[in-house]
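Scroll down for the structure; my scribbles are underneath it.
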Amino acid sequence: SRAASALLPQSEVTAVGLACTSFSFVLGPERVGKQLRAACPHAKTTDMASAQAAALSTLGVTRIALVTPYIADIATKNAAMLESTGLRVVSHETMGLTHDSMTDKVSAETIKEWAIGVDCSEAEALVIGCSAMRACAPGFIDDLEATLGKPVVTSTQAFLWSLLRTAGIHDQFGGYGKLFAEH
């Protein structure tokens with residue numbers, strides 16, 4: 001709430017969000033929203049965990065493959081959060097990384113290899129969790145969707161999409177997957 005309250009002028013802030021996937025699902029959307037609304041009472045709120053679920057709902061998928069960089073306990077909580085929204089995690093792999101300073105060093109090629117490895121025919125979409133994963137560079141998501149033949153949702157992409165939609169901005173554009181191109 002202290003960070004959100006630093007936004008000026010608050011009366012002009014239409015949307016505010018928490019940009020950390022694991023922080024979002026560990027605290028839960030209700031607690032995150034309450035803190036953000038306390039700081040910016042006129043703004044609508046979002047967070048990365050809620051954004052993932054909203055993006056997948058918008059894409060009309062219910063069965064997902066999930067790749068995360070987290071240690072097992074946190075990765076399990078990410079999968080459980082997604083399942084609590086009605087999604088079914090049919091395949092899940094995690095890298096077991098302990099710090100964001102490790103996660104942000106994972107190359108796009110390595111992320112793509114893990115994504116291909118976790119994908120399965122039962123999954124209707126692939127989710128790449130964690131905002132520290134460098135999985136939202138222009139063209140990366142489009143390329144991975146072409147390789148897999150299904151939608152890809154990353155934490156950062158879903159958050160940016162949700163924040164824009166929450167603010168009433170509905171622009172569509174390429175380079176960031178089906179989510180931004182069609183929704």
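See the values below:
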read-out	value
In the chain, lysine pairs with alpha-carbon atoms under 28 angstrom apart (chain gap of 8 or more, or interchain)	13
The chain - percent relative contact order, Cα under 8 Å, separation 6 or more	23 percent
Contact order normalised by residue count of segment 111-164, Cα under 8 Å, 6+ apart, percent	40 percent
Two-site FRET efficiency, S57 against E122, from Cβ-Cβ distance with R₀ of 25 Å, rounded to 0.05	0.85
Rounded percent of accessible protein surface that carbon and sulfur make up, segment 15-161, 1.4 Å probe	53 percent
Accessible area of segment 60-183 divided out per residue, in Å², using a probe of 1.4 angstrom	44 Å²
Heavy atoms of L59: accessible area, 1.4 Å probe, square angstrom to 10	20 Å²
Stretchable slack from A108 to E93, in nm (0.36 nm times residue separation minus alpha-carbon distance)	3.8 nm
FRET efficiency for F173 and T147, using Cβ-Cβ distance with R0 set to 30 Å, rounded to 0.05	0.90
Additional length obtainable on full extension of the chain from D73 to A38, 0.36 nm per residue less Cα span	9.6 nm
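The values are calculated or read from the model by the stated rules, or taken from the named source; none is laboratory data. Source: prediction; values computed, not measured. Cβ coordinates were reconstructed from backbone atoms using ideal geometry, including for glycine residues, and neighbour counts include every protein chain displayed. Note: accessible area is taken over every heavy atom of the protein model, side chains too, but ligands, DNA and RNA are not part of it. Shrake-Rupley method; radii C 1.70, N 1.55, O 1.52, S 1.80 Å.
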